[in-house]
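> Dropping the structure in here first, questions after.
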Amino acid sequence: MNPSELNKLIALWFEEDIRDGDHTSLSCIPATQMGTQQLIIKAHGILAGVEVAKQVIHYFDPELQFQGLISDGVEVYPGDIAFRVTGKQLSLLQVERTMLNIMQRMSGIATTTHRYQSLIADTQCHVLDTRKTTPGLRYLEKEAVLIGGGMNHRIGLFDMILLKDNHVDFAGGIAQALTRARDYCKEKGKNLRIEIETRNLDEIRQALETGIPDRIMLDNFTPERTREAVDFIRAWKSDKYIEIESSGGITIDTLRSYALCGVDFASVGALTHSVQSLDMSFKAVKE
């Protein structure tokens, strides 16, 4: 994420948490007292958010000294120390919760993504995230997916065309939606990839006949129907390779069955919308 854009978010986070002051710390900690705190890992997982945490810490107090010990993407275990921070105790106490919230959230997403992708590492399939993200945190959550070994789908509505069932229904059909999307890109000078969601073999056939889509999404197909659809698409004569994505209700238990059907991608909303944060704490180092 662009550092200046992240700083805007950080400012909002501290305004939300501190406002006119951390009165608990101010009431009992001298302003000049120095100390050190360290980030202690309390669960097995994939670490993510270290670079973001560093920016959060330095944004609040540029004089805080950050000592990184473990990098993003590294597998961690209970008792590991990810980093230490030295400086004014007041600053350490005030950055603690905001920094931890980000570290725990991003590490939880990276850990979950790693679990999913590890299950299909021997296939051609890649796990994708979705737009089912926390408002304001999408870039960080999608960065955590990458750290965990997954891949990003589109970032938002601006960087790819994804024609879903409602678009198709409102446009009057598969061919109409795809044709309008292609013409729109030409008219606006946009070099956007075009994907279309399909619900059955007939819609897949209609999409293929246009020669337009770069990717076809198989929405809520069973593994059996997915294999049939993959065979159908791969048998279709086309001048370009058409990517295939499985989507809809894919879980940790069913992911591999979809990957073995030969799809290129499996999108999993659970990577970001229902992930468990990785347990960790930011504790004072006693002299």
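> For the stretch 25-121, which semi-axes, largest first and in whole Å, follow from the square roots of 5 times the eigenvalues of its Cα gyration tensor? Please list the in-between numbers first.
Numbers: eigenvalues 170, 26, 24 Å².
The answer is 29, 11, 11 Å, longest axis first.
> Given the -39500 (n - 2.57) contribution per DSSP H run of 4+ residues, what per-residue ellipticity at 222 nm results for the chain, rounded to the nearest 500 deg cm²/dmol?
-13500 deg cm²/dmol
> Work out how much length ASN191 to GLN176 would gain on full extension: take 0.36 nm times their residue separation and subtract the Cα-Cα distance, in nm to one decimal.
Difference between extended and current length: 3.5 nm.
> Here's a follow-up. Using +1 at the C-beta of Lys and Arg and -1 at the C-beta of Asp and Glu, which of PHE14, GLY108, GLY156 has the Cα lying farthest in the positive direction of the dipole of the chain?
Selected residue: GLY156.
> Over the alpha carbons of the stretch 186-287, what is the largest minus smallest coordinate on each principal axis, giving the biggest first in Å?
Rounded to whole Å, the extents work out to 71, 40, 19 Å.
> Express the C-alpha Rg of the stretch 48-96 as a ratio against the empirical globular expectation 2.2 N^0.38 Å, rounded to two decimals.
Computed over Cα atoms of the stretch 48-96, the ratio equals 1.16.
> Over the stretch 140-196, with the other protein chains present, what is the accessible area per residue in square angstrom, probe 1.4 angstrom?
Numbers: 3020 Å² over 57 residues.
Accessible surface, normalised per residue, equals 53 Å².
> I would also like to ask the following. So if we plug the beta-carbon distance of ASP61 and ARG84 into 1/(1 + (r/R0)^6) with R0 = 22 Å, what FRET efficiency do we get, rounded to 0.05?
Working from the Cβ atoms, E equals 0.90.
> Return the carbon/sulfur percentage of the accessible area of the stretch 157-287, one whole number, probe 1.4 Å, all protein chains in place.
Carbon-and-sulfur percentage of accessible area, whole number: 49.
> So, one more: Where both residues lie in the chain, what percent of DSSP beta bridges are antiparallel, nearest 5?
50
> Hey, rough spin-label estimate for ILE29 and SER274, points 7 angstrom out along Cα→Cβ, what's it come to in nanometres?
3.8
> Determine the dipole magnitude for the chain: charges of +1 sit on the beta-carbon of Lys and Arg, -1 on that of Asp and Glu, nothing else is charged, the reference point is the Cα centre, and the result goes in debye to the nearest 20.
160
> Does anyone have the angle between helix 223-235 and the longest principal axis of the chain? Alpha-carbon axes, 0 to 90°, nearest 10?
Taking the Cα atoms of the chain, the angle to 223-235 is about 60 degrees.
> Got the relative contact order for the chain handy, in percent, Cα pairs under 8 Å and 6 or more residues apart?
22
> Round to the nearest 0.05 the FRET efficiency obtained for LEU260 and LYS283 when R0 = 41 Å and r is the Cβ-Cβ distance.
FRET efficiency, LEU260 to LYS283: 0.35.
> In whole angstrom, how far apart do the alpha carbon centroids of the stretch 180-228 and the stretch 20-38 sit?
Each part's Cα centre sits 57 Å from the other's.
> Might you report the magnitude of the Cβ-based charge dipole of the stretch 125-210 about its Cα centre, with Lys and Arg at +1 and Asp and Glu at -1, to the nearest 20 debye?
That gives a dipole near 260 debye.
> FRET efficiency for ARG97 and ARG131, Cβ-Cβ distance as r, R0 = 30 Å, nearest 0.05? Don't skip to the end; give the middle numbers.
On the way: r = 27 Å, r/R0 = 0.91.
My answer for the efficiency is 0.65.
> Let me ask something else. For the pair ILE155/ALA235, report the inter-label distance in nm, with labels modelled 7 Å from Cα in the Cβ direction.
4.1
> Please report how far the C-alpha centroid of the stretch 232-287 lies from that of the stretch 52-84, rounded to the nearest whole angstrom.
Using only Cα atoms to place each centre, the spacing works out to 28 Å.
> How much accessible area per residue does the stretch 70-131 have, in Å², with a 1.4 Å probe?
On a per-residue basis, 38 Å².
> On the protein heavy atoms, probe 1.4 angstrom, tell me the percent of accessible surface of the stretch 45-122 carried by carbon and sulfur.
47
> Rank-order 243-256, 192-205, 93-106 by packing density, defined as the average count of other C-beta atoms within 10 Å over each peptide's residues, highest first. Don't jump to the answer; show the numbers that get you there.
Working: 243-256: 17.1, 192-205: 18.6, 93-106: 21.5.
Result, highest mean Cβ count within 10 Å first: 93-106, 192-205, 243-256.
> Could you work out Rg/(2.2 N^0.38 Å) for the chain, with Rg from alpha carbons only? Intermediate values should be presented prior to the final figure.
Numbers: Rg = 23.1 Å, N = 287, 2.2 N^0.38 = 18.9 Å.
For the chain, the normalised Cα radius of gyration is 1.22.
> At what distance in nm do the modelled label points of ASP169 and ALA121 sit from each other, each positioned 7 Å from its Cα along Cα→Cβ?
4.2
The values are calculated or read from the model by the stated rules, or taken from the named source; none is laboratory data. These figures come from a predicted structure and were not determined experimentally. Positions of Cβ are backbone-derived with ideal geometry, glycine not excepted, and every protein chain shown enters the neighbour counts. The protein model used for the area step is the full one, side chains on, heavy atoms only, and it has no ligands, DNA or RNA in it. Shrake-Rupley method; radii C 1.70, N 1.55, O 1.52, S 1.80 Å.
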